[in-house]
1. What are the residues in region 25-40 that are within 11 Å of the chain's Cα centre (by Cα), crowded, with 17+ Cβ neighbours inside 10 Å and either part of a loop (DSSP other than H, G, I, E, B) or of a type outside the set (Val, Ile, Thr) (or both), if any?
2. Could you tell me whether any residue of region 73-83 is β-branched (Val, Ile, Thr), within 12 Å of the chain's Cα centre (by Cα) and surrounded by 14 or more Cβ atoms within 10 Å (Cβ to Cβ)?
3. So, of the residues in region 54-67 that are assigned to a helix (DSSP H, G or I) and out of contact with any helix residue (DSSP H, G or I) (no Cβ under 7 Å at 6 or more places or on another chain), which turns out to be surrounded by the most Cβ atoms within 10 Å (Cβ to Cβ)?
4. Being part of a loop (DSSP other than H, G, I, E, B) and of a type in the set (Gly, Ala, Ser) is the filter here, so list the residues in region 73-89 that pass it.
5. Quick test of your reading of the structure: Tyr35 fulfils all but one of (1) within 16 Å of Lys87 (Cα to Cα); (2) touching a residue at least 12 places away in the same chain (Cβ under 8 Å); (3) not aliphatic (A, V, I, L, M). Name the failing condition by number.
Amino acid sequence: MEKSWTTEEYLQHLTAKGFKFGEDSIGFIEFGKHYTGSSDHLVNIAIEITLKAQKEFDGSFFVSFLEMIKKEQVLSKKAAFELAKVKNII
């Protein structure tokens with residue numbers, strides 16, 4: 001089973017791996033989470049796919065992808081990656 005991290009813990013984990021998140025990035029993440037009413041789990045998945053697709057954090061891409069997985073009722077990391085492949089995102 002996937003490790004269940006809060007978004008704050010996940011960002012700390014990524015920062016320890018060398019990713020940089022400025023205040024603007026954190027703002028996009030918080031906005032996207034509240035705007036879509038998404039769980040930490042979905043937010044973390046959207047962050048991961050954003051980083052894989054864009055090679056860095058892109059706030060507008062993140063919010064758009066989070067909206068897409070919410071609209072498509074994606075609940076798992078596997079389903080999110082499948083959707084990203086179908087949409088030619090990754």
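1. Phe28, Gly32, Lys33, Ser38
2. Kept after step one, since they are β-branched (Val, Ile, Thr), are these residues of region 73-83: 74.
Narrowing further to those that are within 12 Å of the chain's Cα centre (by Cα): none.
No, the conditions are met nowhere in region 73-83.
3. Restricting attention to region 54-67, the residues satisfying the condition of being assigned to a helix (DSSP H, G or I) are 54, 59-67.
With the extra rule that they be out of contact with any helix residue (DSSP H, G or I) (no Cβ under 7 Å at 6 or more places or on another chain), the set shrinks to 60, 64.
On the way: Ser60: 10, Ser64: 14.
Among those that are assigned to a helix (DSSP H, G or I) and out of contact with any helix residue (DSSP H, G or I) (no Cβ under 7 Å at 6 or more places or on another chain), it is Ser64.
4. Keep residues of region 73-89 that are part of a loop (DSSP other than H, G, I, E, B), which gives 73-76, 87-89.
If the condition is that a residue be part of a loop (DSSP other than H, G, I, E, B) and of a type in the set (Gly, Ala, Ser), then Ser76 is the only one that fits.
5. Only one criterion is unmet by Tyr35, namely (1).
Quick grid of which residues meet (1) touching a Lys or Arg at 6+ places or on another chain (Cβ under 8 Å); (2) modelled with pLDDT under 95:
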residue: Lys3; (1), (2): no, yes
residue: Gln12; (1), (2): no, no
residue: Thr36; (1), (2): yes, no
residue: Ala46; (1), (2): no, no
residue: Thr50; (1), (2): no, no
residue: Glu56; (1), (2): no, yes
residue: Glu82; (1), (2): no, no
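The values are calculated or read from the model by the stated rules, or taken from the named source; none is laboratory data. What you see is a predicted model; the values in this text were computed from it and never measured. Cβ sites come from the backbone with ideal geometry, for glycine too, and all protein chains shown count toward neighbours.
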